[in-house]
Amino acid sequence: MDQKLHQPSVTIVIPPLNKRENVDELLSAVLRQAANGVSLEVIVADGGSADGTRECVRIWKGKAPVQLISAKGARGLAGDVLDATRHTRADIVVVTDGDLSHGELRSC
């Protein structure tokens, strides 16, 4: 998908520090939320993962509207989220955790 031509309606920001084991399930669940007339982009704001999280997200970049932002984690979770919002092109921004603690995503 050409992300330059893709104008998303909603951006989902995910700050997943060291959550490699969750990346595939989480991104699959989030991307399933796209409904008719709603286009999504996902911005993963990684604050310095050392477990391969970034590498897993990079694989998704080639097959879905997913961006990886190296947020550096210097300002914590909130700072990572704010860094990600600077890269969004949508009018609506939603934030979810990277640990699958939001059960509604798992049940979709």
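Observations on the model:
- Mean separation of Cα contacts under 8 Å, 6 or more apart, over the residue count of the chain: relative contact order %: 40 percent
- Measuring gaps between exposed loop sites in the chain (trypsin sites (Lys or Arg not before Pro); DSSP loop; at most 15 other Cβ atoms within 10 Å), the longest gap, sites not included, is 33-62.
- Build a GNM of the chain with springs between Cα atoms under 10 Å apart, and of ALA29, ALA74, ALA90 the one that fluctuates most is ALA74.
- Only protein heavy atoms count here; on that basis, with a 1.4 Å probe, LEU82 has an accessible area of about 90 Å².
- Distant-in-sequence amide contacts of VAL93, defined by a placed amide H-H separation under 5 Å and a gap of 5 or more residues or a different chain, comprise THR11.
- Accessible surface of the chain [probe 1.4 Å, protein heavy atoms]: carbon and sulfur percent: 51 percent
- Using the rule -39500 (n - 2.57) for each DSSP H run of four or more residues, divided by the residues of the chain, the 222 nm mean residue ellipticity is -8000 deg cm²/dmol.
The values are calculated or read from the model by the stated rules, or taken from the named source; none is laboratory data. In this text, all values refer to a predicted model and were calculated from it rather than measured experimentally. So basically every Cβ, Gly included, is an ideal-geometry build from the backbone, and we count neighbours across all protein chains shown. Each accessible area value is taken on the protein alone, full model and side chains, heavy atoms only, with ligands, DNA and RNA left out. Shrake-Rupley method; radii C 1.70, N 1.55, O 1.52, S 1.80 Å.
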